[in-house]
Amino acid sequence: MKPDTDTIWAWLDEVPDPEIPVISVVDLGIIRDVVWDGDVLEVAITPTYSGCPATSIINLDVETALRARGLENIRLKRQLSPPWTTDWLSAKGAARLEAYGIAPPSPAGGPKHCPRCQSAAVEKVSQFGSTPCKAHWRCLSCLEPFDYFKCI
Amino acid sequence: MSAALFEMLLRLGDNTLVLGHRVSEWCGKAPVLEEDIALANTALDLIGQTQMWLGYAAEVEGKGRSADDLAMRRDVWDFRNILMLERPNLDFGHTMMRQFLFDAFHRAQLAALAQSSNPRVAEIAAKAVKEATYHLDRSAETVVALGDGTEVSHAKMQTALDLLWPYVGEMFESDDVDAQMAAEGIAPDPDGLRAAWEATVRDTLSEATLTVPQDNFAHKGGRTGARHTEHLGHMLTQMQWLQRAYPDATW
Ligand SMILES: [Zn+2]
């Protein structure tokens, strides 16, 4: 029996992002579509950044998770358009990022406040942080450095 | 296959490949850690864009080659990047000035390509223009900080600009390939991008207290493959070393 797509979305929501494991690939907004094409399950995945080295690991993790649930005919499709945007990050994902110490993306172009002490006195250190999707910021109150998930 | 489309895709993919490789040469030895990370991430974006352009080029060619084959198994005369991007990095200031001059062009080019009549070109460009936009934010910011910085940093940035200026003209050169692509609505005529580029570049350079050279002489030949500088061959000996020493190696 074929599981319905809602069930599959829930399974995929348990697949962690390889670089930020507190959020799932569904939270990240990179799973664009899940459809049955006859007996084949097609999952459309969009890359975050063109050169993101995690892309192939994400594909592998998605496929492994679905096989572990007993699915055998899986087709992963790379979907470029429309390009990924941080607007697709789920509210649950944003809250988890913050609890993990990464300031979630904000349309203002910078973090609302320090994810550790909530002070609004923060400054940018560098537009690029530990991964392409993050910038490096610093809190002027607690003096801790932190990552900010860039808005793109 | 469309020979002009293949040629255009090589020009796009070779620009990002060659610059991406050059920028990656800083990995592990940039002036400060933040710059090291920023340069490595920029290189990563450019190599990612290369995979998309050359991947599509290989499909258009239809001879069973892959993006990797195109990147790693062509020699100097088959590369179609502009000469400016194959120049050695020299110092950090020269690297960032080259990045800025290219980013300003690249963003304008990709924004126009995102409107392409060819859906594959449009979707790749729509993805890449987001990255080119923050590349430009950063390189412009750095050019201003160093140009309007200390006496030493100012002098180095002026030297870099003087060295690079004779290479910018090639970005706006047009030939039959460009004319065909423009006529089919696939790509903008490069010459049409010059005015917007000049405006961005002159504003930033003036803020950086740098003097734009008067001479508009342009070194050419990279994007047509007529002639490259001696630097590209040396770069390829590094970039393609593994594929040349161990053809068909997999791991
Ligand atoms: Zn704080």
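The values are calculated or read from the model by the stated rules, or taken from the named source; none is laboratory data. In this text, all values refer to a predicted model and were calculated from it rather than measured experimentally. Cβ sites come from the backbone with ideal geometry, for glycine too, and all protein chains shown count toward neighbours. Side chains are part of the model used for accessible areas, which takes the heavy atoms of the whole protein and leaves out ligands, DNA and RNA. Shrake-Rupley method; radii C 1.70, N 1.55, O 1.52, S 1.80 Å.
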Inset, instruction - Just give me the residues in the stretch A:127-146 being part of a strand (DSSP E or B), away from the ligand (no atom under 11 Å from the Cβ) and surrounded by fewer than 20 Cβ atoms within 10 Å (Cβ to Cβ), in sequence order. - result: A:His136
Inset, instruction - For the stretch B:89-118, name all the residues that are closer than 17 Å to B:Ala155 by Cα and open to solvent by 20 Å² or more (accessible area, probe 1.4 Å). - result: B:Leu90, B:Asp91, B:Phe92
Inset, instruction - Mind listing whichever residues of the stretch B:208-245 are surrounded by fewer than 14 Cβ atoms within 10 Å (Cβ to Cβ) and part of a helix (DSSP H, G or I)? - result: B:Glu230, B:His234, B:Thr237, B:Gln238, B:Trp241, B:Leu242, B:Arg244, B:Ala245
Inset, instruction - Would you mind stating whether A:Pro47 is more than 16 Å from the ligand (Cβ to nearest atom) and open to solvent by 30 Å² or more (accessible area, probe 1.4 Å)? - result: no
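From B:Ala104, B:Ala125, B:Ala132, B:Ala111, grab the single residue that is outside any loop (DSSP other than H, G, I, E, B), more than 12 Å from chain A (Cβ to nearest Cβ) and either over 21 Å from B:Glu198 (Cβ atoms) or without any contact (Cβ under 8 Å) to a residue 40 or more places away in the chain (or both). Write out each step before concluding.
Working: B:Ala104 fails: either over 21 Å from B:Glu198 (Cβ atoms) or without any contact (Cβ under 8 Å) to a residue 40 or more places away in the chain (or both); B:Ala125 fails: more than 12 Å from chain A (Cβ to nearest Cβ); B:Ala132 fails: more than 12 Å from chain A (Cβ to nearest Cβ).
Criteria check complete, one pass: B:Ala111.
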Inset, instruction - Would you please list the contacts, defined by Cβ atoms under 8 Å and residues six or more apart or on different chains, that run from a residue in the stretch B:190-207 that is acidic (Asp, Glu) to a residue that is open to solvent by 80 Å² or more (accessible area, probe 1.4 Å)? - result: B:Glu207/B:Asp148
Inset, instruction - Would you be able to say whether some residue in the stretch A:111-126 is assigned to a strand (DSSP E or B), within 17 Å of the chain's Cα centre (by Cα), within 16 Å of the ligand (Cβ to nearest atom) and not polar (S, T, N, Q)? - result: no
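Do we have B:Glu170 as open to solvent by less than 60 Å² (accessible area, probe 1.4 Å) and in contact with a His (Cβ under 7 Å, 6 or more places away or on another chain) here? Lay out the reasoning, then the answer.
On the way: open to solvent by less than 60 Å² (accessible area, probe 1.4 Å): yes; in contact with a His (Cβ under 7 Å, 6 or more places away or on another chain): yes.
Yes.
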Inset, instruction - Scan (1) within 25 Å of B:Asp137 (Cα to Cα); (2) surrounded by fewer than 15 Cβ atoms within 10 Å (Cβ to Cβ); (3) at pLDDT 95 or above for the single condition A:Ser119 breaks and write down its number. - result: (1)
Legend entry - Positions within the stretch B:36-68 being open to solvent by 40 Å² or more (accessible area, probe 1.4 Å) and either in a helix (DSSP H, G or I) or touching a Pro at 6+ places or on another chain (Cβ under 9 Å) (or both), in sequence order: B:Ile37, B:Leu44, B:Ile47, B:Gln51, B:Glu59, B:Asp68
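Hey, could you check the stretch A:90-109 for residues that are on the phi < 0 side of the Ramachandran plot and within 14 Å of the ligand (Cβ to nearest atom) and say which is most open to solvent (accessible area, probe 1.4 Å)? Write out each step before concluding.
Here is the first cut: in the stretch A:90-109, the residues on the phi < 0 side of the Ramachandran plot are A:90-100, A:102-108.
Among the residues that remain, those that are also within 14 Å of the ligand (Cβ to nearest atom) are: A:98, A:102-103.
Numbers: A:Glu98: 46, A:Ile102: 9, A:Ala103: 2 Å².
The extreme case among them is A:Glu98.
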Inset, instruction - Name, by its number, the condition in (1) in a loop (DSSP other than H, G, I, E, B); (2) open to solvent by 10 Å² or more (accessible area, probe 1.4 Å) that does not hold for A:Gly29. - result: (2)
